[in-house]
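The values are calculated or read from the model by the stated rules, or taken from the named source; none is laboratory data. Values in this document were obtained by computation on a predicted structure and should not be read as measured data. Note that each Cβ is placed from the backbone with ideal geometry, even for glycine, and that neighbours are counted across all protein chains shown.
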Number of protein chains: 2
Amino acid sequence: MNKLMKSVSTIVLLLSLMLSGNMKAQSDEAILKTLYETSLTKGKSYEWLDYLSNTIGGRLSGSTNAELAVQYTKKELEKLGLDKVWLQPVMVPKWVRGEKEMGYFETKGQLQKVNICALGGSVATPNGGTKAQVLEVGTYKDLETLGEEKIKGKIVFINRSWEQELVNTFQAYGGCATERYRGAAEAAKYGAVGTIIRSLSSRQDDYPHTGSMAYGDLPVEQRIPSAAISTNDAVKLSEALKKDKDLVFFFEMSCQKFDDVLSHNVIGEITGSEFPNEYMLVGGHLDSWDLGDGAHDDGAGVVQSMEVLRLLSESGVRPKRSIRVVLFMNEENGLRGGRKYAEVAKEKGEKHIFALESDAGGFTPRGFSFDCSDLMFAKIESWKPLFKPYLIHYFEKGGSGADIGPLKSDDIVLAGLRPDSQRYFDHHHAANDTFEHVNKRELALGAATMTSLVFLIDKYGTETITDEKEIKD
Amino acid sequence: MNKLMKSVSTIVLLLSLMLSGNMKAQSDEAILKTLYETSLTKGKSYEWLDYLSNTIGGRLSGSTNAELAVQYTKKELEKLGLDKVWLQPVMVPKWVRGEKEMGYFETKGQLQKVNICALGGSVATPNGGTKAQVLEVGTYKDLETLGEEKIKGKIVFINRSWEQELVNTFQAYGGCATERYRGAAEAAKYGAVGTIIRSLSSRQDDYPHTGSMAYGDLPVEQRIPSAAISTNDAVKLSEALKKDKDLVFFFEMSCQKFDDVLSHNVIGEITGSEFPNEYMLVGGHLDSWDLGDGAHDDGAGVVQSMEVLRLLSESGVRPKRSIRVVLFMNEENGLRGGRKYAEVAKEKGEKHIFALESDAGGFTPRGFSFDCSDLMFAKIESWKPLFKPYLIHYFEKGGSGADIGPLKSDDIVLAGLRPDSQRYFDHHHAANDTFEHVNKRELALGAATMTSLVFLIDKYGTETITDEKEIKD
C-alpha cells in the first residue's frame, strides 16, 4: 500500500509538473527520477531481451530468426500504443555458416584440435578442407614485406594480440579490427590458400569470435577462406610453430553466400505535439551474429531503444518533437538498414535533429559520446548534474553508432550510449554472447539513461544560439 | 622486443622522475599510467584470486580453508620482497554449517521443495527438523504489533523485498540487512519456533544468501533456528500462503558453534623512506562465507590489496611512509581481525594516517568513498583529473570499510574502493560468488586505482594546512 501510494503520488507530482508548463531544473530532476525508477522497478527491457535471446536466438541478416525478430518487435511496439508502427523494406545480404567448422594443427605426428569459426562473408574451403603450412604474422601489413615467395601456398596466421593496456576496450578493438576485415584479401594477393586470425577478444579463452570480412575487388576465383581461432588456440599455435616450422594447419568450412533477400527495419513513432516534423531517433540493430543469441550485440540496444518510447509514454511525457525508435537490420554485415533509413529520410525531406544509438552492450551505462558542435556539447554538458545521482558521468565528444552514421549532417546531433566496456569483447560475436551475461539492472539503467537524454533534448532542443526564443523555450 | 624496449623505457622514465625529486602534475600522470598499464598487462591479482577461489575455496573463519588462505597469502607476500611480512594472532569464532540444509512447504497435500541455507551463527533445528505454520511479515518491526498470540509456535517468514529503485545497491542492502541480523532474536521473544527470511539479493533466482545473524542477550534455550530462502522461493511461498493459511513449512539444519580458535591477520609492509613511523594501510578480508568460493567477497579485495604493494615495488616507487597490506580475518561473522589490528596499533602507538579497504566486489572501479575532513576531501578532489583517463569519477564522502572502521580517529583518513555495485548482491554470500564471475580487467583496474590513491596520499600527505611545508612537500 505504501509503495502504491508512493508511485501514485510520484505520478500526480509528475503530471502536475507537466501540466504547469513550468519545467525548471527541479522538475527535470523529478522526471529523471521517475524514468529511472520506472525502468528499474517496472521495466520491460529485460523481458523483451529474454524473448529475443532465448525464444528467437541469433538473428543473422537474411535468416528466419531475423524475420521472427522483425515480427516480434513490431508486435511489441504495436502493444505500446504509439502513434505509428511500420516496417521499412530493405534488401540484405544472406550468408550462412553451414556445418559447424572444424580445424586442427598437426605437429610432429600429433593432432591438436582448434576452436574455429568462419568469418562472416568468407568463402568455404574446398570440399575436404584446406591443409597447408602456416606463416605467422603480427599484422596483415607485414605481408607486403614478406612477399609472394614466402606466402604462396601457405595459410597465413594473423596473430595480433589485444592491447590490454588500453582502458577503453573499443579502442583496442579498433586497433585490430582491420586484420579481420582485410586479412584474407591481402593474403590472397600473395597466393595464400587461407587465413586464420587470432580472435578479437579481450580475454584468453576457448571461444572463437566471428565478424565481418570482405574481399574488396579481388576476383571470385582468388578468394580464400578466412576463419578466427580462439585466443587460447592462437597462443598454442604460435608456441607450436616456434618448435616446428613444418607444422600444418587444417580447416574445413562450408559457409555460403546467397542472393540478397528482403528484410525490414522496424520503426515506431510518437508524433510530436509541437514540432511533429522534427524527428529524434533512438535505435539499435536487430540483426546479430549467429554463434550466440546476440543478447549484448545488439539485443540490448534494441530493447533499450523500445523502452525509451515505452518509458516516455508510461510517464505521461508528451514529447514536442516526433520520437522514433528504429530497429535497424543488417548492421553486422552490410549496414543496409542504416543506409536505407537515411536514404528514405532524405527522399522525404524529414528533418532529423537528433539520433542516439545503443550498440555497445547492455552493461552499466557510464554516459554518452557525442558527435556535435562545441556549442551543442556545452549545452549538453550543462545537464551533467541531472545525471549525477545515477552515476552517469561520461560526456565526451566522439563517435556515435554505425547505423545512425549515414544520417550525419551539420543539422543533427549524433550520440552513442557508452556502457562500461570491460566485459563487452569477452562476448562480442562469440557463442558466449548470451542472455545470462546481461544483468537486468544494468540493462534497465541504460534504458533510463537514454530516455533521460531524449527527454532533455526534446525539451531544450538542439539550438545553441542564446537568443530570446531559447531562453523562453 | 618492441614491447620490452617500451617497458624498459617507461621504467627508466619513471626512475628518473622519482630521482629528480621534482614530481609535478606531469610526473603524477606518468606514474599513474605506469601503474594502470602494469596492472592490466602484467598484473598478479587475477592469478592470486584463481588460487584463493579455485584451489582453496570458501574460507569461513575457523575453517581449515581459512588457515590455508593465511599460509598461502603470507607465502605470496614473502615472494614480493617486502620489508616485513608477519602473522598477527587473533581468536575467531568457529561456526560450521554441517550437512546441507533442506526445506519444503506443504500445501494442500503437495510438497514444494525450497532452496534454503542457515544464516551464519544460527542454532540447528531440533533433530528431525522444525515444522510449523507460517506467519509472513514485511519486517521484524511488525512482530511487536502482532504479539505473542499470533506468533507463538509459528515459523516467522520475513519477506522484505529489495528496493530495486535505489541505484546504489549497498543502500538497498543496508535497508534490509537488519531483518537478517535481528529477525530471529525478535521472533523468538514472541515464541516463534524458527525464522526464514527472503534472501538479501538484487535478483530473482534460486540462490539462498547467507550472512551473519545474532541472538543478542537471548538465553540459549530460547534461541530459534534461522535460515534464508531464495528470492524465487520467497515469492512462491508468499503466493502459496495467500491461497492456504494452513500451509506448513519444514526445515532441517545441523549447524553448530564451537569454541573460538586461533587464526591470524596477514600483514606485509614496505617501510617508509622518510617517515617510517607513519603508516598507510590497504586491505580486505581473507575470510569468506562458505557457500561459494568468496571470489568477490572478499577475495577480490585481498588480491587487490596485495597488488597495491606489488605494483609500487614493481614500479620502483619508494614510498615516504610505511605502507602495509593487511588481510583481515573474520570480517563476516565477528570483525575480530579488524578489532585486533586496531587494538595492537593503539598499544604500540603506531600513527596511522590513512587506511583504504576494498570490500565491495571485484567489479569495474568507479572511485572511492572517504571518511575525512572537508579540507582533506577538497585536497583529494583536486586529484580527480589524474583519474579521468581511467574513468574513475566517483569521489564522495561516506563510509569506508568494516575492517578499518576500528582505526577511526580524527588523525586518519579512511577510504573505501567503490566498484560498480549493480551485480554485487546477485552473488553476495551465495553459492554463485565464484571466480568465473570476476573479470580480470575489472579486477586489475581496481588494483591500479587503489595503488594510484595510495601513491598520491603518500606523496602529498594528509596534512591540509597550506603552510610552507605543504607547498614544498
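The rows are residues; the columns are (1) closer than 20 Å to B:Thr34 by Cβ; (2) more than 13 Å from every other protein chain (Cβ to nearest Cβ).
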residue	(1), (2)
B:Arg423	no, no
B:His427	no, no
B:Asp433	no, yes
B:His437	no, no
B:Arg441	yes, no
B:Ala444	yes, no
B:Ala447	yes, yes
B:Thr451	yes, yes
B:Leu456	yes, yes
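Residues in the stretch B:327-360 that are in a loop (DSSP other than H, G, I, E, B) and either farther than 24 Å from B:Glu78 by Cα or touching a strand residue (DSSP E or B) at 6+ places or on another chain (Cβ under 9 Å) (or both): B:Met329, B:Asn330, B:Glu331, B:Glu332, B:Asn333, B:Gly334, B:Leu335, B:Gly349, B:Glu350, B:Ser358, B:Asp359, B:Ala360.
Condition check: of a type in the set (Gly, Ala, Ser), crowded, with 16+ Cβ neighbours inside 10 Å and either assigned to a helix (DSSP H, G or I) or assigned by TED's automatic domain parsing to the domain that holds B:Cys117 (or both). Does B:Ala188 satisfy that? Considered against the rule, which asks whether it is of a type in the set (Gly, Ala, Ser), crowded, with 16+ Cβ neighbours inside 10 Å and either assigned to a helix (DSSP H, G or I) or assigned by TED's automatic domain parsing to the domain that holds B:Cys117 (or both), B:Ala188 comes out as yes.
Among the residues of the stretch B:361-380 satisfying the criterion of being part of a loop (DSSP other than H, G, I, E, B) and in contact with a helix residue (DSSP H, G or I) (Cβ under 8 Å, 6 or more places away or on another chain), which is nearest to the other protein chains (Cβ to nearest Cβ)? Step by step, filter the stretch B:361-380, then rank; the result is B:Thr364.
Of everything in the stretch B:236-258 that's assigned to a helix (DSSP H, G or I) and of a type in the set (Gly, Ala, Ser), which residue is nearest to the other protein chains (Cβ to nearest Cβ)? Among those that are assigned to a helix (DSSP H, G or I) and of a type in the set (Gly, Ala, Ser), it is B:Ser238.
For the structure I just gave you, tell me whether A:Leu356 is touching a helix residue (DSSP H, G or I) at 6+ places or on another chain (Cβ under 8 Å), modelled with pLDDT of 95 or more and away from every other protein chain (no Cβ under 11 Å). Here the answer is yes, as A:Leu356 does meet what is asked. If you take the residues in the stretch A:408-418 that are more than 12 Å from the chain's Cα centre (by Cα) and either assigned to a loop (DSSP other than H, G, I, E, B) or within 14 Å of another protein chain (Cβ to nearest Cβ) (or both), which one is surrounded by the most Cβ atoms within 10 Å (Cβ to Cβ)? So the residue we want is A:Ile412. Does A:Gly446 satisfy being in a loop (DSSP other than H, G, I, E, B) and not polar (S, T, N, Q)? Spelling it out, it is not the case that A:Gly446 is in a loop (DSSP other than H, G, I, E, B) and not polar (S, T, N, Q).
Consider the stretch B:32-65 and keep the residues that are among the basic types (Lys, Arg) and away from chain A (no Cβ under 12 Å). The one that is nearest to the chain's Cα centre (by Cα) is B:Arg59.
Every residue, every condition in (1) under 22 Å from the mean Cα position of the chain (by Cα); (2) in the same structural domain as B:Thr130 (by TED's automatic domain parsing); (3) part of a strand (DSSP E or B), yes or no:
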| residue | (1), (2), (3) |
| --- | --- |
| B:Ile196 | no, yes, yes |
| B:Ser202 | yes, yes, no |
| B:Ala227 | yes, yes, yes |
| B:Ala234 | no, yes, no |
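Residues that are within 25 Å of the chain's Cα centre (by Cα) and among the aliphatic types (A, V, I, L, M) were ranked within the stretch A:115-142; the one that is surrounded by the fewest Cβ atoms within 10 Å (Cβ to Cβ) is A:Val123.
Can you confirm whether the stretch A:206-221 contains a residue that is within 14 Å of another protein chain (Cβ to nearest Cβ), modelled with pLDDT under 95 and either within 25 Å of B:Tyr36 (Cα to Cα) or buried (at least 22 other Cβ atoms within 10 Å of the Cβ) (or both)? No, the stretch A:206-221 contains no residue that is within 14 Å of another protein chain (Cβ to nearest Cβ), modelled with pLDDT under 95 and either within 25 Å of B:Tyr36 (Cα to Cα) or buried (at least 22 other Cβ atoms within 10 Å of the Cβ) (or both).
Summed over the stretch B:270-299, the residues that are assigned to a strand (DSSP E or B) and acidic (Asp, Glu) give a count of 1. In the stretch A:300-324, the residues that are in the same structural domain as A:Asn439 (by TED's automatic domain parsing) reach residues that are basic (Lys, Arg) with C-beta atoms within less than 7 angstrom, at least six apart or across chains, in these pairs: A:Glu307/A:Lys44; A:Arg310/A:Lys44. Any residue that is modelled with pLDDT under 95, surrounded by fewer than 18 Cβ atoms within 10 Å (Cβ to Cβ) and out of contact with any Phe, Trp or Tyr (no Cβ under 8 Å at 6 or more places or on another chain) - is there at least one of those in the stretch A:234-245? The answer is yes, given that some residue of the stretch A:234-245 is modelled with pLDDT under 95, surrounded by fewer than 18 Cβ atoms within 10 Å (Cβ to Cβ) and out of contact with any Phe, Trp or Tyr (no Cβ under 8 Å at 6 or more places or on another chain). Taking the stretch B:382-407 as the range and being within 14 Å of another protein chain (Cβ to nearest Cβ) and either in a loop (DSSP other than H, G, I, E, B) or more than 24 Å from the chain's Cα centre (by Cα) (or both) as the test, the residues that pass are B:Lys384, B:Pro385, B:Leu386, B:Lys388, B:Pro389, B:Leu391, B:Ile392, B:His393, B:Gly398.
Take A:Ser53 and decide whether it is closer than 30 Å to A:Pro225 by Cα, touching a strand residue (DSSP E or B) at 6+ places or on another chain (Cβ under 9 Å) and modelled with pLDDT of 95 or more. In short, no.
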